[in-house]
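Just so you know, all these numbers are worked out from the coordinates, no wet-lab data involved. It should be emphasised that the depicted structure is a prediction, and the values quoted were computed from it without experimental measurement. Heads up, the Cβs are rebuilt from the backbone with ideal geometry, glycines too, and the neighbour counts pull from every protein chain shown.
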Amino acid sequence: MKIACIDVGLKRIGVAICLDNKIVLPQNAILRKNRNQAARDIKLFLKEWEIEKLVVGLPLHGSSSEEMSRRIKHFVSLLELDGIEIIYQDEQNSSLEAKERTAGVFKHSKDGRIDSMAASIILERYLGK
């Protein structure tokens, strides 16, 4: 089964895929100009890779988790996915873990690599269930 994961942020959306239920690969993040453009780009990505299941990182703990969860679920509704199962997975500390994993590997800039690494971590957690 082909599975993708997105880590939805206000400026960037981290993306990762798993094509064999074993190896998770971070992809180029989607830079978010507005939600319609971002939804279009995600939809195109899912179609190109023939994704069958989408895992979405969702903050379940923290002071602003309720508001971010609402925003993320609204964004996912814009995707209008036909035939793709959507799973929400706790994303707690995935960005922090991504920064720790990549310390010294590459410069932490705002190009989305950390966001896609966080999406990889979320997908690994889902697959490890």
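Near Asn36: Cβ cut-off under 13 Å, other residues only, Lys/Arg at +1 and Asp/Glu at -1. The net charge is +3. Highest mean packing comes first when the peptides 90-96, 52-58, 77-83, 20-26 are listed by Cβ atoms within 10 Å, giving 52-58, 90-96, 20-26, 77-83.
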